[in-house]
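Any read-out appearing in this document is the output of simple, stated calculations on the displayed coordinates, not a laboratory observation. All values derive from a computational prediction rather than experimental measurement. Because the Cβ atoms are built from the backbone with ideal geometry, glycine has one as well, and the counts that use them run over all protein chains shown.
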Amino acid sequence: MAKIMIAAGAAFVLLSALLWFLLSRAPADTTPPRFLYCPECGLSLGFHDSLKGKPCPHCGPKGPALLPTHSLTSREVPTPVWHKLLAANIVALVVLEGLLYAFLGWRRLQHHVEQQNGKAAWKCRCPFCQRKIRFPSSRAGMGALCPRCKTAFCLPTAAEASVSERADN
């Protein structure tokens, strides 16, 4: 279980780093901006080089600087790095959760297949102390040691196990 947790943690870190790297790369936009936008009051003006970086005329001289944008509808305010990191971590957690569900479903299927293939536990009684003993069907006919009385005996085969089960009931 500890190995699975370490592997999941390492996968989470790697996936987060990869997603952060991919999300932090902004596409190069070569078209010149057409508008200037104030992030505080929402004022939009037509782009002019003399106003770029100057304070918003509506907010006053202590107001925020006007930001260049390409359209009136999409406000192109820079996204903080921690927003991108948070988004990358959420995506990484969802992916890891899906992988965990897939792994658990696969283990459940493997367990079911093992039981269907005759690896289910059989029961018998120790011939000396009558303690119930469970054993895999693959050990039928082999020697065993009783955990209670420590006596060695042979585990029953399929025919013998069915007779002993009927006698126990």
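Couple of notes before you dig in:
- When peptides 88-96, 4-12 are sorted by average Cβ neighbour count within 10 Å, with the highest value leading, the order is 88-96, 4-12.
- Taking amide H atoms as placed 1.01 Å from N in the peptide plane, the amide H of Leu36 lies under 5 Å from those of Leu45, Gly46, Phe47, Thr69, each 5 or more residues away in sequence or on another chain.
- Calculated from backbone phi, Karplus (6.51, -1.76, 1.60) coupling profile of region 39-45 in Hz, x at Gly/Pro: x, 8, 9, x, 5, 10, 10
- Likely footprinting exposure, Lys52, Lys84, Lys62, fewest C-beta neighbours within 10 Å first: Lys62, Lys52, Lys84
- Whole-Hz ³J(HN,Hα) from phi, Karplus 6.51 cos²θ - 1.76 cosθ + 1.60, for region 47-55, glycine and proline x: 5, 8, 4, 5, 8, 5, x, 7, x
- For Trp122, the residues whose amide H sits under 5 Å from its own are Phe135, Ser137, ignoring neighbours fewer than 5 places away on the same chain, with H placed 1.01 Å from N.
- Treating r as the C-beta distance of Ala102 and Ser138 and R0 as 22 Å, the FRET efficiency rounds to 0.15.
- In order through region 98-115: 3J(HN,Hα) via Karplus (6.51 cos²θ - 1.76 cosθ + 1.60), integer Hz, x for Gly, Pro: x, 5, 5, 4, 5, 5, 5, x, 5, 5, 5, 5, 4, 5, 5, 5, 4, 5
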